[in-house]
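Here the structure is laid out as structure tokens; the discussion comes afterwards.
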Amino acid sequence: MSLWAITRYEDCLTALKDTQRFSSEVYGATIPSFLSDVPMGHAILGKSMVSMDPPAHTKLRSLVSRAFGGPSMSRIEARIRSLSEELATNVARKGEVEFISEFALPLPAFVIGDLLGLDRSLHTHFKRWMDDVISAMSGVHTPETVGGIRESFREMERYMSEVLEARRREPRDDMVSELIRAEVDGKALNDQELLAFCGLLLLAGLETTVHLLGNTMITLSSRPEVFQRVRAQPARIPQLIEEVLRFEPSVHGVFRRAQTDIALSGATIPKGAMVYLMLAAAGRDPHQFPEPDRFDIDREKSGGLTFGYGVHFCLGAALARMEARLGLEALFSKVSGLRTLDATQVEWNHALHVRGPVQLPLAFTRET
Ligand code: HEM
């Protein structure tokens, strides 16, 4: 099987819009054989909405998108703000921190845990679950790690099933209860669909946002003038976030499968080929973004395609932007200086489609 890469902005956009010729039913191919008897493996990798095409996708999306509407977001905003304050106070007090474990990970872990109604004591498992899902998807595993990965998928399944059962018995004011209640044309989600969606949220909502925060800080640590500017004018934080999403995005690409021979920009992608839409490359396309390698929070055109486009446009985009904004507002109000402690200690992740630091030692000066 051949793999084709699309790198230009316009071509990525064409492919994202054209769900008939570029199918999303492709992620099932990433299920490794050692997960073939683990239902959660199929649920997350092969059966979640991100691996579906219309019309099946359309129905599911209209069911779950309600849970991401305004009321759910305002419900969680105050809690994100208060956790951001808590984490930022701790970082400012310590001065020198490993930023990922002290800030970038706990914030989205709390949000996902809160959305799914998982107990806070489980947050410590999220990182291992997430790393194991990514290893399974990226084919980064060895005979020694396979057992642990299987166990992570089974644990996720166990905990999520318990939560579903508990919310069916006693609904709460949370997203899982809302998803259980939701109906389109008199039809609700079945258990398999609910499990797939909860698993997808863990995967889609955690790693991506951890890297958004990590990538922002690593970008600012080598640009003190930008850091001081947004610190002095917190209203510019949303522009900073948009430029990080273009310049150093956490999601680098998405996969599709060619449903027919496709002529695109002078090349012909053969029917059946796997296609990698390089969204990060699209963000550096000079035809779309002049001087694309310059980090500039005052750009007229911002953003890029890192949240995708069209029917699969990221359901959590508003939430991720809100988490990053509230987190950075709290942090920048409590610290006045920033530098990378030891560049040799910065460690990047190993995966094809998400990118960010997993180890980021930073030194902050406390605001007096
Ligand atoms: C910086 C943060 C994030 C980035 C860059 C990002 C990126 C993306 C991209 C590129 C897609 C489209 C996939 C495709 O077309 O194949 C997507 C879909 C999705 N994202 Fe995100 N995401 C982020 C955060 C989140 C968060 C916080 C959540 C939820 C808590 C979330 C939930 C989803 C879901 C459910 C989908 C599937 C939508 C569908 O298939 O219709 N994402 N995301």
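Quick notes on this structure:
- Amide proton proximity set for Val335, modelled H, under 5 Å, gap of 5+: Glu367
- Relative contact order (%) - criterion: Cα under 8 Å, at least six apart; region: the chain: 29
- Highest-MSF residue in the chain out of Pro108, Pro290, Pro234 [GNM, Cα springs under 10 Å]: Pro290
- Label-point separation in nm, Ser36 to Glu347, each point 7 Å along Cα→Cβ: 3.4
- Considering only Ser265, Phe68, Ala204, the residue lying farthest towards the positive end of the dipole of the chain is Phe68, judged by Cα position with unit charges set on Cβ.
- Put simply, the C-alpha atoms of region 88-220 give a gyration tensor, and the ellipsoid matching it has half-axes of 29, 20, 13 Å, longest first.
- For His350, the accessible surface of its heavy atoms amounts to roughly 150 Å² (probe 1.4 Å, protein chains only, rounded to the nearest 10).
- Computed with a 1.4 Å probe on the full set of protein chains, the accessible area for Ile180 sits at about 30 Å².
- Once the gyration tensor of the Cα atoms in the chain is diagonalised, the equivalent ellipsoid follows with semi-axes of 31, 27, 20 Å, ordered largest first.
- Oblate is the label for region 190-331, because the ratio a/c of its alpha-carbon gyration tensor axes (a ≥ b ≥ c) is 1.5 or higher and a/b is not greater than b/c.
- Placing dummy labels 7 Å off each Cα toward the beta-carbon, the span from Arg168 to Ser101 is 3.9 nm.
- If you take the Cα centroid of region 291-368 and the Cα centroid of region 171-201, the two points sit 31 Å apart.
- For the chain, built as a Gaussian network whose Cα springs stay under 10 Å, the top-fluctuating residue of Ser24, Ser33, Ser51: Ser33
- Between Ala78 and Glu144, residue separation times 0.36 nm minus the direct Cα-Cα distance comes to 19.5 nm.
- Rounded percent of accessible protein surface that carbon and sulfur make up, region 199-298, 1.4 Å probe: 54
- Fully extending the segment from Ala363 to Ala29 would add 116.0 nm, taking 0.36 nm per residue of separation and subtracting the current Cα-Cα distance.
- Proximal lysines to Lys17, defined as alpha-carbon separation beneath 29 angstrom and excluding residues fewer than eight positions away on the same chain: Lys47, Lys59, Lys187, Lys271, Lys301
- Longest site-free stretch - the chain; sites: trypsin sites (Lys or Arg not before Pro), DSSP loop, at most 12 other Cβ within 10 Å: 1-171
- For region 160-176, 3J(HN,Hα) per residue [Karplus equation, 6.51 cos²θ - 1.76 cosθ + 1.60, θ = phi - 60°, Hz, x = Gly/Pro]: 5, 5, 4, 5, 4, 5, 4, 6, 5, 5, 9, x, 10, 8, 9, 5, 5
- For region 56-68, Karplus couplings with θ = phi - 60° (6.51, -1.76, 1.60), whole Hz, Gly/Pro x: 4, 5, 4, 5, 4, 5, 5, 5, 7, 5, 4, 5, 9
- J(HN,Hα) series, region 179-195, from Karplus relation 6.51 cos²θ - 1.76 cosθ + 1.60, nearest Hz, glycine and proline x: 5, 5, 6, 4, 9, 10, 6, x, 10, 9, 6, 8, 4, 4, 5, 5, 5
- Cα-based Rg / Dmax (Å) for region 105-168: 12.7, 39
The values are calculated or read from the model by the stated rules, or taken from the named source; none is laboratory data. Source: prediction; values computed, not measured. So basically every Cβ, Gly included, is an ideal-geometry build from the backbone, and we count neighbours across all protein chains shown. All accessible areas refer to the heavy atoms of the entire protein, side chains included, with ligands and DNA or RNA removed. Shrake-Rupley method; radii C 1.70, N 1.55, O 1.52, S 1.80 Å.
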